[in-house]
1. On the basis of being at pLDDT below 90 and not hydrophobic (A, V, I, L, M, F, W, C), does residue 169 make the cut?
2. Would you be able to tell me the number of residues in region 138-176 that are without any contact (Cβ under 8 Å) to a residue 24 or more places away in the chain and part of a helix (DSSP H, G or I)?
3. Based on what the data block shows, is residue 113 touching a helix residue (DSSP H, G or I) at 6+ places or on another chain (Cβ under 6 Å) and either aromatic (Phe, Trp, Tyr) or surrounded by fewer than 21 Cβ atoms within 10 Å (Cβ to Cβ) (or both)?
4. For residues that are among the hydrophobic types (A, V, I, L, M, F, W, C) and modelled with pLDDT under 90, scanning just region 90-110, find the one that is surrounded by the most Cβ atoms within 10 Å (Cβ to Cβ).
5. So, of the residues in region 116-134 that are in contact (Cβ under 8 Å) with a residue 40 or more places away in the chain, assigned to a helix (DSSP H, G or I) and not aliphatic (A, V, I, L, M), which turns out to be surrounded by the fewest Cβ atoms within 10 Å (Cβ to Cβ)?
Amino acid sequence: MSRVVTERDVRAAAKVGRLVLPAHAIVTPAARELARRLGVALESAERGATSGEHEMGRSQPGAGSRDQQEKTTVAIGADHGGFHLKEALKPAIAELGCGVDVGCYSPDSVDYPVFAAQVADRVACGDAQFGVMIDGAGLGSAMVANKIPGVRAALCYDLTTAQNAREHNNANVLTLGGTLIGERLASETGGRHARRVAMIDALDREPA
């Protein structure tokens, strides 16, 4: 039987900074996020990146290193309606430490549910702490992402709604309307604000 690794297991391992996972262990998304915050290395079988992903920003050190675990990782995706905005946001995402572009990679017509699900899956499995998905209006992608267990996606059009979604609803995926929001506002919503929230999250520590 597979063992489920929870936040309690991560907290217990915080003093030694590492948690050895038993074979076939299932790590909850909340446990993975807490491990990233506390710098607890989850030692498990090596997992390769999904084919077609593009890493952005700083080069990453070896798998499982403490430096890599402390970085904020953001998965970003778009359909053809959000492609240009996605490309414009990538520098802001890269400033957070590590961005993973799951596509699409051109303005050719594609189906947004495919990419919304990929962004949500990266967050749900713990490979990314946050996700950003952009389609024409942002509504459909929010609906898709919220069908993935462990994902709390919010459609936002300004800094106030983004802040409330994160601070009051613990949103971990942001969806944007590529045809309805400008590059400057999107950069502040998806980049600068996410960086500041990550700084707040980094202060979280389990009481002694």
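1. On the way: at pLDDT below 90: yes; not hydrophobic (A, V, I, L, M, F, W, C): yes.
Criteria met by residue 169.
2. Here the count works out to 7.
3. On the way: touching a helix residue (DSSP H, G or I) at 6+ places or on another chain (Cβ under 6 Å): yes; either aromatic (Phe, Trp, Tyr) or surrounded by fewer than 21 Cβ atoms within 10 Å (Cβ to Cβ) (or both): yes.
Spelling it out, residue 113 is indeed touching a helix residue (DSSP H, G or I) at 6+ places or on another chain (Cβ under 6 Å) and either aromatic (Phe, Trp, Tyr) or surrounded by fewer than 21 Cβ atoms within 10 Å (Cβ to Cβ) (or both).
4. Within region 90-110, the subset among the hydrophobic types (A, V, I, L, M, F, W, C) is 92-94, 96, 98, 100, 102, 104, 110.
Checking which are modelled with pLDDT under 90 leaves us with 92-94, 96, 98.
Values: 92: 22, 93: 27, 94: 17, 96: 22, 98: 20.
Filtering first and then ranking leaves 93.
5. The first filter runs over region 116-134 and keeps only residues in contact (Cβ under 8 Å) with a residue 40 or more places away in the chain, leaving 116, 118-120, 122-134.
Subset that is assigned to a helix (DSSP H, G or I): 116, 118-120, 122-124.
With the extra rule that they be not aliphatic (A, V, I, L, M), the set shrinks to 118, 122.
Details: 118: 22, 122: 27.
Filtering first and then ranking leaves 118.
Residues are listed down the side, and each one gets a yes or a no for (1) hydrophobic (A, V, I, L, M, F, W, C); (2) at pLDDT 75 or above:
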position	(1), (2)
3	no, no
11	no, yes
24	no, no
34	yes, yes
38	yes, yes
45	yes, no
49	yes, no
54	no, no
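The values are calculated or read from the model by the stated rules, or taken from the named source; none is laboratory data. None of these values were measured; they are calculated from a predicted model. Note that each Cβ is placed from the backbone with ideal geometry, even for glycine, and that neighbours are counted across all protein chains shown.
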